[in-house]
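Trainee: Would you mind keeping the following structure in view while I ask a few things?
Throughout, read-outs are computed from the coordinates displayed, never taken from laboratory work. Bear in mind that the values here come from a model prediction, so they are computed numbers and not experimental data. Here the Cβ positions follow ideal geometry from the backbone for every residue, glycine too, while neighbour counts run over all protein chains shown.
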Amino acid sequence: MTTPTDGRPQWATEFFAVRKQMAAWINDALARHAQAPYQGGHDEGSFMQSWFGHHLLCHEPRVMQFAHMLRDGIAHWSEDNWLHGFYRVGEVHHQTEIFTCFLARLWLTEPDDLTAEIVVDAGFPAWYDHDQRRFLSWRIGTESVGSGDKAGFEVPDHFRLLQIALVAHRITGEERYLTLCREYAGRWAAEIMAAPAHEPPLAVLSTDRRPSEEDVLSGVGAHHRADSPMDRVEPHVPAGTVDVMLDLHALTGDAQFAEAAGRLCSAMLPALRDPYSIPPAALLQRYRTATGDASLDDTARQALADASPVPEGRPVLVVETSGAVAGIGKRKDMVRWAYRDETGTLTPELSLSPSSLALGWQLTGDESYAAAAMRLIHQRLQLARTSLRDGRKHGCAGTSIGAVASGHGRDGSYGHITGAFLSLACGATRSLAQEQPTVRFRDAAGQPGLPEEIASLVRVQPGGEIEARLHNAADTALGVELAISDHPWQQLQLAAGETATVSR
């Protein structure tokens with residue numbers, strides 16, 4: 001453990017730096033957007049995905065006020081532009097994003113009737129065949145269902161519809177939503193388990209027609225990538241396949257869903273060393289803690305141990321658009337990270353991603369991994385805040401603050417905050433469509449949120465053991481209350497400068 005001269009753990013110093021950057025970004029963004037009405041963008045709310053987790057950790061009421069303003073705009077806009085709760089014409093990739101990246105997160109963070117009504121109203125009209133357990137096309141809408149090159153087979157993007165259905169199930173308790181998800185995902189689980197571990201299926205056939213390779217690659221968004229060993233598993237990341245499988249395992253206890261999720265996580269292991277691949281480590285952490293399966297841990301530890309060190313120099317952000325980019329969590333317009341030495345020479349980032357570093361902490365309990373992860377997160381958020389737009393328009397693009405915080409369109413909503421910091425700060429993992437804290441905090445007076453002078457670091461292990469480290473950076477003693485998992489709230493008194501550990 002690296003400890004500064006003031007006795008504060010390095011991870012705590014970096015925690016406060018990340019929290020400061022998030023608070024500053026939210027404050028600046030609200031000044032820019034709070035008075036701007038909803039414009040009708042299919043991903044207009046996705047730039048604030050990380051704000052919901054920040055609210056659950058720190059309690060920031062303005063986040064919810066702004067989210068409700070956007071929600072009200074969606075409700076009004078949809079009256080003239082949607083039919084039966086969904087787009088009249090669209091496809092499963094883009095037209096689902098307002099639901100999975102914003103409305104579902106809003107309801108899961110703070111349930112309310114209007115948001116619930118919008119999510120449930122989406123429903124599943126004539127584009128699903130319940131008898132055959134298949135979706136009729138990649139192109140869907142309430143006025144038309146596509147045909148031609150996007151019909152006759154299904155791709156991972158159809159899991160986006162299952163994400164909406166699972167939230168509708170949580171809202172209503174109606175079994176029809178869960179039945180649809182269980183039966184449809186079961187088809188994919190069987191195909192995934194029947195395929196070689198490193199070659200999961202890109203499509204499942206729903207008719208006798210065999211689509212061309214070009215049709216399938218178009219349907220899975222292959223235009224964002226180059227050929228790489230990860231190409232077979234990559235489309236399952238932005239589609240949310242692993243997350244849906246783990247949601248279904250939690251809801252049904254059916255082992256086939258856990259096995260399919262584990263198979264996909266196994267295929268992603270080589271990407272743990274990739275400095276730009278954030279989703280693999282976040283998904284593996286969710287898998288190992290949700291299922292108790294630690295069989296991939298040794299391979300993951302070795303991958304992290306073999307990683308390159310951080311280059312020397314001052315961190316910089318590079319904006320460029322290149323050709324297709326190989327690997328998981330990549331877009332050709334994503335920002336790049338580099339280091340500029342005293343001669344002005346740029347060295348590209350070669351070290352682990354923040355999520356892989358966060359996984360290193362979870363695997364080993366070595367605080368240096370956590371400190372390194374949070375250092376990268378705070379440095380990159382600071383660079384993004386001074387160089388990039390918020391991301392309210394075209395929220396799935398790679399060149400925005402939102403993309404850094406919660407991922408771009410190929411990241412499956414896993415970014416520096418959603419895929420790394422929240423795991424470190426409160427043990428958060430995705431549940432349905434939103435990161436949920438394993439450890440919740442409130443101050444000594446019972447007000448929700450982690451007090452500003454206290455830093456937290458949480459470790460969640462596959463066997464269910466949870467450890468929370470808290471540091472008081474105030475000059476005086478402070479009280480804090482925490483609830484670990486479903487255990488009762490407990491009080492903790494921290495002396496000035498004290499670091500304490502609570503385990504369950």
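Trainee: With only Lys, Arg, Asp and Glu charged, each at its Cβ (+1 for the first two, -1 for the last two), find how big the charge dipole of the range 438-504 is about the Cα centre; round to the nearest 20 debye. Don't jump to the answer; show the numbers that get you there.
Mentor: Numbers: 5 positive and 9 negative charges, 44 e Å.
It comes to approximately 220 debye.
Trainee: Sticking with this structure for a sec: How many Lys pairs in the chain lie less than 26 angstrom apart by Cα atoms, where the lysines are 8 or more positions apart or on different chains?
Mentor: Total qualifying Lys-Lys pairs in the chain comes to 5.
Trainee: Roughly how many Å is it from the Cα centre of the range 306-369 to that of the range 425-464, as a whole number?
Mentor: Taking the Cα centre of each part, the range 306-369 and the range 425-464 sit 26 Å apart.
Trainee: Another question, if that's okay. Quick one: Debye curve from the C-alpha atoms of the chain, no solvent, what's log10 I(q)/I(0) at q = 0.12 Å⁻¹?
Mentor: For the requested q values the scattering log ratios are -1.09.
Trainee: Starting from the Cα-Cα distance between Arg62 and Ala500, subtract it from 0.36 nm times their residue separation and give me the gain in nm to one decimal.
Mentor: Computed gain between Arg62 and Ala500 is 154.6 nm.
Trainee: For a label point 7 Å from the Cα of Asp121 along Cα→C-beta, name the residues of the range 75-100 whose backbone N is under 12 Å from it.
Mentor: Only 75-87 pass the distance filter.
Trainee: Can you give me the distance in nm between label points at Arg314 and Ala444, each placed 7 Å from the Cα along the Cα-to-Cβ direction?
Mentor: Result: 4.3 nm between the two label points.
Trainee: How would you rank Ile466, Ile140, Ile328, going from fewest to most other Cβ atoms within 10 Å of each one's own Cβ?
Mentor: Going from sparsest to densest Cβ surroundings: Ile466, Ile140, Ile328.
Trainee: Follow-up. Could you rank the peptides 129-138, 240-249 by their average count of other C-beta atoms within 10 Å per residue, with the highest value first?
Mentor: Packing order, densest peptide first, comes out as 240-249, 129-138.
Trainee: For a protection proxy built on the mean count of beta-carbon atoms within 10 angstrom, sort 421-429, 93-101, 106-114 highest first, please.
Mentor: Descending mean neighbour count gives 421-429, 93-101, 106-114.
Trainee: Give the average over all directions of the projected area of the C-alpha convex hull of the range 260-389, one decimal, in nm². Could you put the intermediate results ahead of the total?
Mentor: Numbers: hull surface 35.2 nm².
If you wrap the Cα atoms of the range 260-389 in a convex hull and average its projections, you get 8.8 nm².
Trainee: Can you tell me, using C-alpha contacts under 8 Å and at least 6 residues apart, the relative contact order of the range 438-504 as a whole percent?
Mentor: 33 percent
Trainee: Something else: Could you tell me the ratio Rg/Rh of the range 14-110? Both radii from Cα atoms, Rh via Kirkwood. Display every interim value, and only then the final one.
Mentor: Details: Rg = 14.4 Å, Rh = 14.3 Å.
That ratio is 1.01, to two decimals.
Trainee: Extension gain Arg187-His76, at 0.36 nm per residue separation less the Cα-Cα distance, in nm?
Mentor: 36.2 nm
Trainee: Rg over Rh of the range 347-490, using C-alpha atoms and the Kirkwood radius, what does it come to?
Mentor: Numbers: Rg = 16.2 Å, Rh = 16.3 Å.
Answer for the range 347-490: 0.99.
Trainee: Taking the mean number of other Cβ atoms within 10 Å as a proxy for protection, how do you rank 155-168, 434-447 from highest to lowest?
Mentor: 155-168, 434-447
Trainee: Then there's this: Using 1/(1 + (r/R0)^6) with R0 = 22 angstrom and r between the beta carbons of Met69 and Ala31, what's the FRET efficiency to the nearest 0.05?
Mentor: Efficiency computed from Cβ-Cβ geometry: 0.95.
Trainee: Here's another thing I want to ask about it. How high is the relative contact order of the chain, in percent, with contacts defined as C-alpha pairs under 8 Å that are six or more residues apart?
Mentor: 16 percent
Trainee: Work out the P(r) tail for the range 438-504: percent of alpha carbon pairs separated by more than 14 Å, whole number. Write out the running numbers ahead of the final one.
Mentor: Working: 1164 of 2211 pairs.
When all Cα pairs of the range 438-504 are counted, 53 percent exceed 14 Å.
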